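Contents: one structure, followed by commentary.
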Amino acid sequence: MSDPIALWHAEHVNFATLLGLLEVELDRFHRGQAPDYELMLDVMFYMTHYPDVLHHPKEDLAFARIAERNAGARSIVAELGDQHTMLKQAGNALVVALDDIVNGSITLRDHVEAPGRAYIAAFRRHMDTEETKILPLAATLLTGHDWAAIDRAVRQLDDPVFGKAADDRYAALRRQIARERRAEDG
Ligand SMILES: [Fe+2]
Ligand SMILES: [Fe+2]
């Protein structure tokens with residue numbers, strides 16, 4: 001898939017899948033059942049090591065080029081850029097809270113449940129805005145030359161969950177994604 005807009009959208013679909021898995025675990029939590037904390041940590045570790053490290057920085061560069069060419073888009077891309085910072089902070093805090101639980105420290109349910117739900121809601125809203133307001137603009141404003149320059153400027157990193165170079169750290173998460181997909185297909 002070399003169409004940058006299609007690739008952009010495909011990453012959003014992947015992130016939405018993981019947010020869905022996280023939400024299932026938070027629902028268990030809410031019902032007083034034992035959630036899979038390792039899985040929640042895997043999701044959040046990924047969110048802070050792929051979207052925060054590659055997807056969002058790449059978007060920030062695309063946003064800057066869009067804002068240069070379309071003054072009307074300036075306030076929305078500024079807002080989305082701020083949300084990248086906020087999502088990164090909230091994501092890192094969740095990694096710390098989940099890591100504490102997985103490693104046996106006592107962490108209050110409130111440290112995970114409310115922030116987890118807020119993170120999911122904010123991330124979904126963020127992607128919705130990008131999908132409806134920014135991707136169509138990018139499709140008309142950004143050229144192959146722009147995308148090549150953006151790619152050269154960001155650290156190249158293969159997606160460790162959905163990409164070809166599968167990282168063993170995420171083996172359990174990938175199995176869970178495959179199970180969910182089979183359940184949806186069946
Ligand atoms: Fe974004
Ligand atoms: Fe995005």
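Of the accessible area of the chain, with the probe set at 1.4 angstrom, what percent is carbon plus sulfur? Don't skip to the end; give the middle numbers.
On the way: 5200 of 9790 Å².
Within the chain, the accessible surface is 53 percent carbon and sulfur.
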*J(HN,Hα) series, the range 171-186, from Karplus relation 6.51 cos²θ - 1.76 cosθ + 1.60, nearest Hz, glycine and proline x*: 4, 5, 5, 5, 4, 5, 4, 5, 4, 4, 5, 5, 4, 5, 6, x
*Any idea what Rg and Dmax come out to for the chain if you just take the C-alpha atoms, in Å?*
17.3, 53
_Sequence of His111, His126 from largest to smallest accessible area, 1.4 Å probe_ = His111, His126
*Any chance you could get the radius of gyration and Dmax over the Cα atoms of the range 1-104, in Å?*
16.3, 51
*Over the chain, what relative contact order in percent results from Cα pairs under 8 Å that are six or more residues apart?*
30 percent
_Relative contact order for the range 59-130, counting Cα pairs under 8 Å that sit 6 or more residues apart, in percent_ = 27 percent
*Roughly speaking, what is the centre-to-centre gap between the range 1-75 and the range 89-119 when only Cα atoms are used, to the nearest Å?*
18 Å
*For Arg179 and Glu38 in one chain, what is 0.36 nm times their gap in residues minus the Cα-Cα distance, to one decimal in nm?*
49.1 nm
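How do Ser75, Ser2, Ser105 rank by accessible surface area computed with a 1.4 Å probe, from largest to smallest?
Reading off the accessible areas and sorting them downward yields Ser2, Ser75, Ser105.
The values are calculated or read from the model by the stated rules, or taken from the named source; none is laboratory data. Quantities reported herein were computed from a predicted structural model and do not represent experimental measurements. Surface accessibility is based on the protein's heavy atoms, side chains included, excluding ligands, DNA and RNA. Shrake-Rupley method; radii C 1.70, N 1.55, O 1.52, S 1.80 Å.
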